[in-house]
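The values are calculated or read from the model by the stated rules, or taken from the named source; none is laboratory data. No experiment lies behind these values; they were computed from the predicted model shown. For neighbour counting, all protein chains shown are included, and Cβ atoms are generated from backbone atoms with ideal geometry for every residue, glycine included.
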Amino acid sequence: MDRIYLDHASAMPIDTRVFEFAKPYLIDSGNPSSLYEFGQDAKVAIEDSRRKIVDLINAENEKTIIFTGSATESNNIAIRGTAYRNIKEGKEVLSSAIDHISVINPMKDLQKNGWIFNTIPVDSNGIIDLSQLEKLLTKNTVVTSIMYANNEIGTIEPIKEISEIVHDKGKYLHVDATAAAGRIPIDVQKDGIDLLTLSSNDLYGPRGAGALYVKPGLKIQSIMPGGGQERGLRSGTENIFVIVGMGEAARITKNEMDTESNRLLKIRDKLISEIIKIDETYLTGHPKKRLPHHASFRFSYIEGESILLNMDMYGIQIATGSACSSKTLEPSHVLLAIGLKHEEAHGSMVMTLGHSNNMNQVQKIVKAVGETVSRLRKLSPLIK
């Protein structure tokens, strides 16, 4: 059975071009902190990767990019590092109600240690309520964190408008761009972003690497002291292979973004138009302001886990909610935040497209979804 993979938001397979480019550093590389030539070759490779990340997001220079082990680590450094370093400016932090758990949990941890933590509500499409943002911001709000686009419902936020409000009434804006980078253009200078999180795995790069953009002049502190690598903000010997791979993935993604996103947009729109025809099926997220590779739905009377397992029997891999929170039986906090009831939030399906998908797969996918929904509804005790 041919596999149709539709879960690129949780894991993108490494691009073979990226692997071939980075493979020499997996087999043989020196320590970039060493002064001999073998070590300095590794350092040059890291700096080359840093420049590629700069180009992807139009950062000011290479010194603004810190390599980490994951997007989760980048989020923690951005939030906790900025909060602790700037504690004299205030002890309040703020996020959207639909931010990733790797943003919300560090803020909850700060709350346990004396910070005030609030969340900004969103509308039924997942767009930030700008008037509530203005009300919640104070001169003591050190870090406000907003996702560039949501990984579960695909909605793209008005980051530039958010930035203007944050800088008018608060301090610093952190943006988690994990889901958006490589799918839509990002310009940290134009958008007025102070800190920005990226993930290698979400750029078709190897797992185990992330990056954090820190605007020039912004002071943050390390949350994991050690040998002082990465400007003292992320200690530990650098993983050359994954960093080099992330840099090359960023370069390829930037060059191919427009063409690939336009290609996937057509497939996404076809999937949405066909699947939404199924009785009592609803699109989640904004109908227009959404990522070009992202289609998400909810179905009445059935459970997302059952949808996932049934679709897998067709050789089609989809998601239900976020992969990072799938170990809990609780409904998605994102779907609850956009106003869904618990029973409605449980019936979600997320499809995220990638390199391996094409228009020829659409009818097979639609047919599998229709048969899955029909089968599960016949078994559902929720239908009267």
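Numerical summary
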read-out	value
Selected residue (criterion: modelled with the highest pLDDT) from residues of the range 68-118 that are surrounded by fewer than 18 Cβ atoms within 10 Å (Cβ to Cβ), among the aliphatic types (A, V, I, L, M) and more than 26 Å from Gly205 (Cα to Cα)	Ile116
Test: Asn61 is surrounded by fewer than 21 Cβ atoms within 10 Å (Cβ to Cβ), modelled with pLDDT of 95 or more, of a type outside the set (D, E, K, R) and touching a Pro at 6+ places or on another chain (Cβ under 8 Å)	yes
Hits in the range 331-349 (condition: touching a residue at least 24 places away in the same chain (Cβ under 8 Å) and either touching a His at 6+ places or on another chain (Cβ under 6 Å) or not in a helix (DSSP H, G or I) (or both))	Ser332, Ile338, Gly339, Leu340, His346, Gly347, Ser348, Met349
Residue within the range 232-239 that is on the phi > 0 side of the Ramachandran plot and touching a Gly at 6+ places or on another chain (Cβ under 7 Å) present	yes
Pro287 surrounded by fewer than 17 Cβ atoms within 10 Å (Cβ to Cβ), modelled with pLDDT of 95 or more and assigned to a loop (DSSP other than H, G, I, E, B)	yes
Residue tally, condition in a helix (DSSP H, G or I), touching a residue at least 40 places away in the same chain (Cβ under 8 Å) and hydroxyl-bearing (Ser, Thr, Tyr), over the range 350-381	1
Residue selected from the range 192-237 under the condition in a loop (DSSP other than H, G, I, E, B) and β-branched (Val, Ile, Thr), by the criterion nearest to the chain's Cα centre (by Cα)	Ile193
